[in-house]
1. Give just the number: which of (1) at pLDDT 95 or above; (2) outside any helix (DSSP H, G or I) does Thr279 not satisfy?
2. For Ala202, which of the numbered conditions (1) assigned to a strand (DSSP E or B); (2) more than 23 Å from Tyr149 (Cβ to Cβ) fails to hold?
3. Please name all residue pairs, on different chains or six or more residues apart, with Cβ atoms under 8 Å, provided the first residue is in the stretch 128-148 and is crowded, with 16+ Cβ neighbours inside 10 Å and the second residue is in a helix (DSSP H, G or I) and not aliphatic (A, V, I, L, M).
4. Given the options Ile168, Ile187, name the one that is surrounded by 12 or more Cβ atoms within 10 Å (Cβ to Cβ), modelled with pLDDT of 95 or more and farther than 23 Å from Ser220 by Cα.
5. List every residue pair whose Cβ atoms lie under 8 Å apart, where the two residues are 6 or more positions apart in sequence or sit on different chains, the first residue falls within the stretch 40-69 and is on the phi > 0 side of the Ramachandran plot, and the second residue, located anywhere, is modelled with pLDDT of 90 or more.
6. Applying the selection to the stretch 147-192, what residues are basic (Lys, Arg) and not in a loop (DSSP other than H, G, I, E, B)?
7. Kindly provide the set of residues from the stretch 215-268 that are out of contact with any helix residue (DSSP H, G or I) (no Cβ under 9 Å at 6 or more places or on another chain) and outside any helix (DSSP H, G or I), ordered by number.
8. Among the candidates Tyr244, Tyr238, single out the residue that is farther than 29 Å from Leu286 by Cβ and surrounded by 17 or more Cβ atoms within 10 Å (Cβ to Cβ).
Amino acid sequence: MTIASTPPPPTILASHRGRDITQDDIDFIRELIAAHPGASRRRLSALLCEAWGWRQANGCLRDMVCRGLMLRLDRAGLIELPARLRTPKNPLTQRPTPSALDEDGDLFAQTPMECSLRELGPLRIEQVRRTRGEGLVAGLLARHHYLGYTRPVGEHLKYLVYAAGQPIAALIFGSAPRHLAPRDRFIGWPPAARRRNLHLIAINSRYLIMPWVRVPHLASHLLGQMARRLSADWQRLYGHPLHYLETFTDPQLFAGTCYRAANWTPLGLTTGRGKADQTSKPNRSLKLVWGYPLTPRWRELLQGGAP
């Protein structure tokens with residue numbers, strides 16, 4: 001009687017965004033490139049995404065992630081990509097300076113607003129992602145936010161809040177950072193669950209109340225309003241909900257009063273090293289991480305399978 005031996009597990013040559021790359025994967029990519037000799041790098045990336053079923057939650061191909069993988073494998077000498085057909089301009093370095101102008105090209109009035117929340121009157125919250133309002137959000141943040149404006153990468157939504165016809169606040173929510181120790185400890189999810197469900201968390205990366213607006217409790221009130229609508233807005237644009245929100249505050253500059261008043265939970269301090277750290281030593285101020293659940297089952301949903 002012959003007992004079949006169990007073949008050894010395949011050797012992992014690389015790992016990219018939660019996918020382990022084996023020699024079989026390398027051979028497949030080489031065959032794909034050879035089978036499409038005239039294809040561009042973009043086309044090859046799309047073909048590989050389709051072959052692997054590599055799609056975002058909204059059904060779109062994970063083209064940029066796949067291109068990053070193929071470029072990494074090319075640089076490591078594991079595959080050979082075709083030469084670039086063209087070198088596109090970098091929009092991040094050639095983008096014009098944002099302008100805080102309205103649609104008619106005029107600066108919005110900066111009339112001081114000092115009143116109670118009730119006296120402020122009805123608020124209008126507009127989601128302006130992929131509309132002309134994006135430029136106004138960028139301009140207001142560039143002019144009035146202490147961190148300025150940086151174009152978000154990945155999934156994100158932008159909001160303007162109006163009172164009496166004038167913008168009084170601007171907010172941006174974007175894709176959560178992949179590694180955030182206080183958050184990951186608080187959720188208690190293993191690395192596989194984090195990679196699988198990280199897209200279900202968004203970070204409030206910018207929050208600006210215009211400096212001429214002084215209305216007690218406005219900031220925490222708006223956080224509550226955003227928490228009630230954000231997941232549905234995200235679902236409409238990106239095809240999946242959100243279950244948790246997070247943000248940072250700098251304890252040396254801000255007490256985080258509005259987040260505490262809106263029932264956000266302080267989760268702990270960052271390491272101060274940033275995602276590009278190479279020294280394992282702090283190179284920036286430590287930030288306090290805050291979190292806010294959007295559903296009672298948030299921990300179960302984040303720790304488990306996709307919804």
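1. (1)
2. (2)
3. Val128/Glu134
4. One residue alone meets the criteria, Ile187.
5. Short answer, once both residue conditions are applied: Gly59/Gly239.
6. Correct list: Lys158, Arg183, Arg185.
7. If the condition is that a residue be out of contact with any helix residue (DSSP H, G or I) (no Cβ under 9 Å at 6 or more places or on another chain) and outside any helix (DSSP H, G or I), then Gly239, Phe248, Asp250, Pro251, Gln252, Leu253, Phe254, Ala255, Gly256 are the ones that fit.
8. Tyr238
The values are calculated or read from the model by the stated rules, or taken from the named source; none is laboratory data. From a predicted model like this one, the values you see are computed outputs, not experimental measurements. FYI the Cβ positions are ideal-geometry reconstructions off the backbone, even for glycines, and counts take in every protein chain you see.
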